[in-house]
Each structure stands twice: as structure tokens, then as C-alpha cells.
Amino acid sequence: MNEELVLPTLSKDLIDKLDKLYPDKCPLLTDDDRMVWFKVGQRSVINYLQQIYDEQLQDNIITKD
């Protein structure tokens, strides 16, 4: 199965809220390896959604909020 994944249109408000909940920052020295990777995973989702949002803007699928 080689179908392209198409996400619903995204909201800038949603991405901004997620960005505040899971900011792009360095891990704490007290974080163990598992926590570092967990936080990296959270942040990678935000980065992916931002990329899709930017593509939707570029393709005129959505307009800026």
C-alpha cells in the first residue's frame, strides 16, 4: 500500500498551542535517556504539523488565520 497521507487542514492556533505545551528546547540535565527521547518525539510531531501547515499555505489549501 503506497497511498499518500493527506491530513485535514490545520489551524495555526492549534499549532501555536502545541508549540507552547511542547516547546523546542534543550533537555534538562536531570532527564534520563528515555525522557529525552520521549520529549524529542513530542517535538517532532509539532515540527511535522508546522511543515504540513506551511505546505497547505503554499498550496493555497488554507489561508493565514
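Since every read-out is calculated from the coordinates, none of them should be taken as a lab result. Because the structure is predicted, anything quoted here is derived from the model rather than measured. Ideal geometry is used to build each Cβ from the backbone, glycine not excepted, and the neighbour counts take in all protein chains shown.
Check the straight Cα-Cα distances from LYS64 and name the lysines below 20 Å, setting aside those fewer than 8 residues away within the same chain.
The qualifying lysines are LYS12, LYS17, LYS20.
Could you derive backbone 3J(HN,Hα) for the range 51-58 from the dihedral phi with the Karplus parameters 6.51, -1.76 and 1.60 (θ = phi - 60°), listing whole Hz in sequence and x where the residue is Gly or Pro?
Per residue, the Karplus-derived 3J(HN,Hα) values read 4, 5, 4, 4, 5, 5, 5, 4 Hz.
Mind sorting out which of (i) 3, 18, 30, 23, 15, 8, 3, 0; (ii) 3, 12, 9, 9, 8, 7, 8, 7, 7, 6, 6, 5, 4, 4, 3, 1, 1, 0; (iii) 3, 16, 22, 18, 15, 11, 9, 4, 1 is the real P(r) over Cα pairs in 5 Å bins from 0, in percent computed from the coordinates?
(iii)
To test your reading of the geometry: what angle, between 0 and 90 degrees and rounded to tens, separates the Cα axis of helix 12-21 from the longest principal axis of the chain?
0
As I understand it, the dipole of the chain uses +1 on the Cβ of Lys and Arg and -1 on the Cβ of Asp and Glu, about the Cα centre. Which of TYR48, LEU18, ILE61 lies farthest toward its positive end?
It is LEU18, whose Cα lies furthest towards the positive end.
Can you give the relative contact order of the chain as a percent, counting alpha carbon pairs under 8 Å and 6+ residues apart?
Normalised by residue count, the contact order of the chain is 49 percent.
Excluding residues fewer than 8 places away in the same chain, name every one of the aspartates and glutamates whose C-alpha is closer than 16 Å to that of LYS39.
ASP19, ASP24, ASP31
Would you mind calculating the gained length between LEU18 and GLU4 on full extension (0.36 nm times residue separation, minus the Cα-Cα distance), in nm to one decimal?
Difference between extended and current length: 2.6 nm.
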